[in-house]
Every structure is written in C-alpha cells, then in structure tokens.
Amino acid sequence: MSNKHGNLSINSDNIFPIIKKWLYSDHDIFYRELISNGCDAITKLKKLDLMGEYELPEDYEAKIQIIVNPEEKTLKFIDNGLGMTADEVEEYINQIAFSGATDFLEKYKDKASEEQIIGHFGLGFYSAFMVADEVHIDSLSYQKDAVPVHWECDGGTEFDMSDGSKQEVGTEITLFLNEDCVEFSNEYRAREVIEKYCSFMPTPIFLSKANAKTEYETIPADEVTEKDTVIENIVEEAKYEEQEKEDGTKEQVEISPRQEKAKIIKRPVPLNDTNPLWGKHPNDCTDEDYKAFYRKVFMDYKEPLFWIHLNMDYPFNLKGILYFPKINTEYDSIEGTIKLYNNQVFIADNIKEVIPEFLMLLKGVIDCPDLPLNVSRSALQNDGFVKKISDYITKKVADKLAGMCKTEKETYEKYWDDISPFIKFGCLKDEKFCDKMNDYILFKNLDDKYLTLPECLKPVEKKEEAVDENGNPVEAEVVSEDTKTEEAAEAEDGETEKDTRKTIYYVTDLQQQSQYINMFKEQGMDAVILDHNIDTSFITQLERRNEHYRFQRIDADLTDSLKEETSEEELKEATETLTEVFRNALKRENLNVKVEKLKNAAISSVITLSEEGRRMQDMMKMYGMAGMDPSMFGGDVTLTLNSNNQLVTYILEHKDSEHVPMFCEQLYDLAMISNHPLTPDEMSKFIARSNEIMMLLAK
C-alpha cells in the first residue's frame, strides 16, 4: 500500500473538541474503551475459528497487554485479536465508523440528544484523544497475505496511513499523552483505573512498565512449563536433625526433604478475573465463593447476611449477585453500591434507571448485555425495556425474601432486625414490592416473638381477667380481643359510628413506655415494637393501603380492656372537679383531664397523646424540632386520672388542701415521664418537688 494522507470523513473542522469536552464524563474511561475494543477483536477472532474461517495457532493465548512508559509519556494497548486491513482502518477509523457525519454532529450540538446515538457509532477508539496529543495504530489482519498497516493522527482532522511493520496478528495502539494526562502513564494509576473498569473483562489483561527491571520467582522444578524462562536450577539438599530416642540413643532424622527448584522470570499475572462468579450457575457456587467475591469487590470484611444470585436468559439476558449487608442504621444514611456491567465491562455504580431506588441500599453486581447504552455508556435509553429489567430485579428480591420467610423462617427472623429498614424503605418506594412483601413483613412483639402481618391481625385469645385485685393470676374465660364489630356498634343507640378496624398496638421505646407495657401485660394484651425512624411513614402507608386495620401506640388511648366497668354518671362529677383542680394547680386552662377507673389501682395518672398528634410529633423530630412539649398540640394531649388510686381519691376529697397543688404537679410530671423525657427545667422542678414531698412525710 502506498503512503496515504487524507482527511477524516467528518463534515466539521474538528470532532475532537466534542469528544474531549463532554462525550465522556471521566477522562480515565479511555482505558475501558480501548481494552474493550481489544476484547471485542479477540472474541471475533475466536468466533471465526469456531466457524472454520480461521485456524488459531495451537499455542494461542488470548490477552490484552498494556505497557506504560512514564519516561516517554506513552501508553500502549496491544491485543492479539483479528486485526485490521488498510481498507478496514479506512472504514472503521477514518470514517469514524458511522454513516451520516453531518447528522451525527447536528445531534451532538444539543447535549440532550446524546442518548439517541447509542449503538450507531463506534467512537470508543476516539476516547484516546481525550488524553493524547497523538495516536498511532499498528495492525495486522488475520486474513491471508494481509499487509500490516500503520496509522497516525495528531488530533486534527488529518491522518497519515502507510504500510506497517507489525509481525503478529492483532492491533497495537500507542498514545502520546498530553501534559495534563501524564498521570495515566504511571503504573500504579494505570492499575487503579484498569481494576476500576476492567476487573471482569472476558480476556486476560496484563500490565507492565517499559524498561522495568526483570523480576524473578522460584517454583518447584516439576511445575516448570515450556512457557517459563528458567534462569537457574536450584537443588536444596535434605536437612537432618539429631534427635534422642526412647532408649537414650541418638539418631539423625530428616526434617526437610531434598527439593529441586527453578528460578524463572516472574510469570505475568492478569489484573482481571475472566470468569466472574455471577456468570456461574448458582449450583456451582459455594457460600465461601460468595463471601470471597464480596470481600474482593467491595473491600468489606464484614460478612454479608445473605445474597441473591440472579440468572436470567429470557426475555432478556441478566446475571448478577445482590448482597444484603447489615443495614440496621438510619436508613437515610446508608450507602450501598450496585455495580452495573455490560458484557463484563463496568459501566457505572448505582444507575437509577436499572436499579430500583430502595435496592441502592444493597451491594452487588448486575451484568446485562442487552442494556441500551448511549455512546459513552453513561446513560440509558428505551425506558420501557429498562423498566422491565428494573421490575424483574425487584421481583427476584421479593421472591427471595418471601421464599426465605416461608421455608427458612428462623433464618429470616435472625436477619430481620438488620434488613427490616431496607424492606420497609422498599415498601414505601415501590408499590409492587410492597404488594409482594405484605404478608412477609415481620413485627417483633413484647415477648420477642416475630409475627407476620396476617398473624398480627388474627383475633388474640385473651383472658378476661388475667389477675385478681392482689395481682395474682386467675383462671378466666378466654375471649377474642378485637375492636368492636359493626353489629356491636349498631347496637349502641345514639352513639356515633364506631371504628371497625382491627387495632395493632405498638411500642416505640421499651423503657420510656414501660408503664403502659406493664398495664397491657397485666391484661394479657400484646403490642409490637416499632422503634426505627422509618416506622411512622411505613405504618401510615400500610394503613392507606388497607382499610381493615390501623396502628396505635399503646399510650395513644386507654383501651377498654384496661378499665373496670363503670357508668359515665359515676365518673362525671369526679371529672369536673379534678379538671378544675388540675387546671388551677398547673395553670393550664386548656388541659384535657379524664377520669377512668383503671383495673390497676397502683397507677395514679397517665398521659395519652392521640395517634395523629404523636405522628405529628415524629414528623417534627425528622425536621429537627424534637423535645417540644406535647401540650402544644392542644386537645391531642389528655391527662387520665385513675379513680381507683388512693392519691387521686385524696386529691378529690381534699381539693382545698394547701398541698394539693403540689401533688397535682407531681402526678402530672409522673404521667409525663412515662410518655416522654422531661426538659432539664421540668426535671429540676420534679426533683425539688419530690424532696419537698418526702420532707412532708418525714415530719
């Protein structure tokens, strides 16, 4: 071929400023593009061999070589793939491997159109000009009697092409780095970038430094192969040691046998794993394989809880492994990492179009060769197809969790506290996921037993009287604990329609709400523990989705099960009197006071805050307004006094006593302490008042 000088077939003064400025967001990505091109060339050559159109040499070993030369500021990418003829260089390089250059540039004038050109143009090679002032190509095609070709370009629209001198089939690309990008010729920087993008590419990748000192290693002589360069044969003679026998005599005992070794030039070690775990069948993978892969990829030495191996061939090709790490922290501060691959080529972390938002809390890898990527592989097109992939991943995760709950309940329960924020977050973000997980959400009750939502909704068998007046357990009839039925509600003439939903009681703080918990337990009642900051939003969503149940914190109201039967008339006068006494003593004109006859006479007073008011409090905490007085919610807060309690009876009978205001304040604070922590000022007054009351008793 005669020397050729020409212009690249693009209708523009220069395409490279476009590439350099924004075609690729990360400059180091040129490594991925050039290595990927080499892998593609090798894959094509292997296919030609399989089809009988080419015969690979018996000793053929597919490989990509990268040679860094920091002294000369160059990089070489060498593959032993199918190579190119001069005509192919003309087509794939000089014509930028696309038709309609004008159309291409028109689309690229508007960056928003970037996603429309994927798959139509092979611009990967030109990423080299992001970092290089000049690029050379030396290639020899696999075709019979092919002539090697040399091509070079300095980043303008002109190129030079001539016969080359390459002896082996394949392609060698040389980058002459610009001053701003010489870092990429550093061996350690090169290794970092290759491991970032190419850790699982299907062809072995070797990195070396030009003119580096030769390194050696010593191996057993029987492990030497024809490919090894032996520098020296080494014989290590057997070693003996004198040892005393039982009869007192001594003998020479061999402690190290004779060994023959060979000093060889160090064997090159590929930087990548060409057969990643996600590509294997799950039946061929052990637990240790999964854990080792997790440690290697995520540099996390805490073992994952469990994992899901995705393996799908139809209607699209998708493989991957999703790991569930321990995530029992605040859900909004969790950072997971899901790496997306395309034919074992790393694309990006956490691409939201493919990975549902709630799965971002996990760690894992997903490889989908069918992904419709744009030219820089940094964004996706074809939303419908990508949505199907996202839905499939969500379904597989839900199926795994549901299956574990059904068949490995004990294991599922063991993991629940760690994975519950993830599942609840998923239910909030994805209705389909919530539909699938609805019956497999667990709630831990006061006895640390895990219940599913259907189990929580079953009528609870409870003894009508669990203890006698002395607190001793007694036998009693077993009845169903539930909210009133519609029939019962209709039977109460003149009353407003009753809420017929099943009530699930819950606790948010076992210590703070211990008084209420004890009251529940005394009556054989149960509650579930919801102490994560996501729980308020989660149960609100569950209620919106289902009209048959509601959640209520145990201090939101006093259920009838905690009260003795009594007439309203009996309590009306006491309520009016004590309301006035407590409002005057506490100087709270709008204080809601209710008098009830509680079964537990030891309890003097409790504070209840309506479920709506309490959820409002939780919302305020999320916005940094925690610690505010519940009374700010007006009618939501109610002080309930127990007419069965001697202190309350004393206040009622001695309402004009000089000490009653102090007793009222004390009972109010005692009730508040069981509901939420007192402020520093309130606590100081409570302690001083407690001392004053004890002094009265001491007189």
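The values are calculated or read from the model by the stated rules, or taken from the named source; none is laboratory data. Being a predicted model, the structure only gives us computed values, none of them experimental. Using ideal geometry, Cβ is built from the backbone for each residue, glycine included, and neighbour counts are taken over all protein chains shown. Just so you know, the surface numbers come from the protein's heavy atoms only, side chains and all, with ligands and any DNA or RNA stripped out. Shrake-Rupley method; radii C 1.70, N 1.55, O 1.52, S 1.80 Å.
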Task: Most to least packed among 600-606, 363-369, 651-657 [average Cβ atoms within 10 Å] - done: 363-369, 600-606, 651-657
- [ ] First check a/c for the stretch 118-259, with a ≥ b ≥ c the square roots of the eigenvalues of its C-alpha gyration tensor; if it is under 1.5, answer rounded, and if not, answer prolate when a/b is larger than b/c or oblate otherwise.
- [x] prolate
Open item on the list: Using protein chains only and a probe of 1.4 angstrom, how many square angstrom of TRP278 are accessible, to the nearest 10?
Closed with: 10 Å²
Task: Reach of LYS599 by Cα under 20 Å, taken over lysines that are not fewer than 8 positions away in the same chain - done: LYS462, LYS463, LYS521, LYS563, LYS572
- [ ] Among the lysines, select those whose C-alpha is under 18 Å from the C-alpha of LYS250, and discard any that sit fewer than 8 residues away in the same chain.
- [x] LYS239
- [ ] Please compute the net charge surrounding LYS209, taking Lys and Arg as +1 and Asp and Glu as -1 over other residues with Cβ under 15 Å from its Cβ.
- [x] 0
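Run the numbers for SER690 and ARG267: contour at 0.36 nm per residue of separation, minus the present Cα-Cα distance, in nm. Write down the numbers at each step before the final one.
On the way: separation 423, 0.36 × 423 = 152.28 nm, distance 8.08 nm.
Contour length minus Cα-Cα distance gives 144.2 nm.
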- [ ] Count charges around LYS44 for me, please; just the other residues with Cβ under 13 Å from its Cβ, Lys/Arg as +1, Asp/Glu as -1.
- [x] -3
TODO: For every other residue with a beta carbon closer than 9 angstrom to the beta carbon of THR394, add +1 if it is Lys or Arg and -1 if Asp or Glu, then tell me the sum.
DONE: +2
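If the chain between THR540 and LEU678 were fully stretched, how many nm would it gain, using 0.36 nm times the residue separation less the Cα-Cα distance?
That pair, THR540 and LEU678, stretches by 46.9 nm at full extension.
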Open item on the list: Need the list of lysines near LYS73 for cross-linking: C-alpha distance under 25 angstrom, and skip anything on the same chain fewer than eight residues off.
Closed with: LYS20, LYS21, LYS63, LYS166, LYS196, LYS209, LYS213
